[in-house]
Each structure stands twice: as structure tokens, then as C-alpha cells.
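**Q** Questions regarding the structure given below will be posed in turn.
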Amino acid sequence: PSYYAQIPYLLKKFPDSKVVMIVRNPVRVASSFNTRAQRKGSGSWPEENDYRLAVELWNKSMQLYLDVKKSSFRNRLFLVHYESFFSMKENCLEALFDFLQLPITEEFKTEYAQFSNKWEKIRKKPLNLSQKEKEFVQTNIDYSLLDQLEPYFHPSFVIEKDTYRNFLNKKKSKS
């Protein structure tokens, strides 16, 4: 989760490199952190790496992405909304591969389709957050950073304004 902190170093060290950063809904990130932290006996994910750390890292990563997009490295960082990427829209894939200056192979398209199908199942999973934890996430996420980043997303990856900010409200209304 903290790989984002290495972006400036990588961009300096490898002058021809390009970086694709995936921005995921912070509520889902917090839920995912909780799920990992609650797995008993896994040993690979400490219990304290829960929703609170997710919020902290999400905010820090958004600030770093914004800093990079405002720097001389701006054209080497490609921002992608997680939800858009796995939506199976051909134009998203084309935009990404254009940025990377790579051809899209049939093999990749097949793998991408399989992974996108898994995303549909993941997307429907209930959140692993208590009401108190949801409130913590909503209160402590700095959505203004995402608002500032929105202009830097490729048009194929733009999502509806306030999608993340209103995510929990939509979940409640469906319940």
C-alpha cells in the first residue's frame, strides 16, 4: 500500500519510466485493510494496519499524486480510477496502452476480461466496516485532494463527480 511513496524516486532514477497509479474508492480501501488486518494467523498483514492506516495512506498518496502532477514529471504519471479501469470499457484500455506506448494483445484482453469479471464479484461484497469506522473514514478522508486531481485523469477514466464522497449514502439508500 505504501509503494506510492517511491514514485518520485523511480521517476528520477529512471528518466524514461512511466507510472500508472490506480485511485480506488477510499471506503473500499479501508474495508480491504480491515479484512486483511482481521485475518488470523496470516502473519503477512499486521492487525494494526486497519481502516485508520488506510485513510492515512490514501490521503498521503493523493497528496503525492497531486505533487507529481504539478511537477516536471506530470506527463509520466497516468491516473486511473480503479472502478473505471475494471469496467471493461475498451476506451479505458486503449487510453492506458496509448500512454504506455504498447500494443494491446489478444492475450491481455482475455486476462483483462477475466479480472474484470472478478471485479464484479468484489464490487458486490459487503463492506467490512462498522458504522463508527465508516464515519471515521468519511470524516477523515481529504476529498479536496481528489477534487484537485480530477482534471488530471484521462477522460476515459473520469467518474461522476462526488462518486467517492457519496458512496456510503448510496449504500444506505439501497439497504
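**Q** Can you pull out every residue in the range 3-59 that is more than 15 Å from S130 (Cα to Cα), over 13 Å from the mean Cα position of the chain (by Cα) and aromatic (F, W, Y)?
**A** The answer is Y9, F14, W45.
**Q** Follow-up. Quick one: would you say I159 is surrounded by 15 or more Cβ atoms within 10 Å (Cβ to Cβ) and out of contact with any Gly (no Cβ under 9 Å at 6 or more places or on another chain)?
**A** yes
**Q** So, in the range 78-100, of the ones that are farther than 16 Å from R24 by Cβ and in contact with a helix residue (DSSP H, G or I) (Cβ under 6 Å, 6 or more places away or on another chain), which residue ends up most open to solvent (accessible area, probe 1.4 Å)?
**A** M88
**Q** Taking only the range 126-154 into account, find how many residues are of a type in the set (D, E, K, R), in contact (Cβ under 8 Å) with a residue 60 or more places away in the chain and under 19 Å from H81 (Cβ atoms). I'd like the intermediate steps shown before the answer.
**A** Here is the first cut: in the range 126-154, the ones of a type in the set (D, E, K, R) are 132-135, 142, 147, 150.
Next, from what is left, pick out any that are in contact (Cβ under 8 Å) with a residue 60 or more places away in the chain: 133-134, 142.
Narrowing the set further to residues that are under 19 Å from H81 (Cβ atoms) leaves 142.
Here the count works out to 1.
The values are calculated or read from the model by the stated rules, or taken from the named source; none is laboratory data. Computed from a prediction, not measured in an experiment: that's the story for all the values here. Cβ atoms come from the backbone with ideal geometry, glycine included; neighbour counts cover every protein chain shown. Quick note on the areas: whole protein, heavy atoms, side chains included, nothing else; ligands and nucleic acids left out. Shrake-Rupley method; radii C 1.70, N 1.55, O 1.52, S 1.80 Å.
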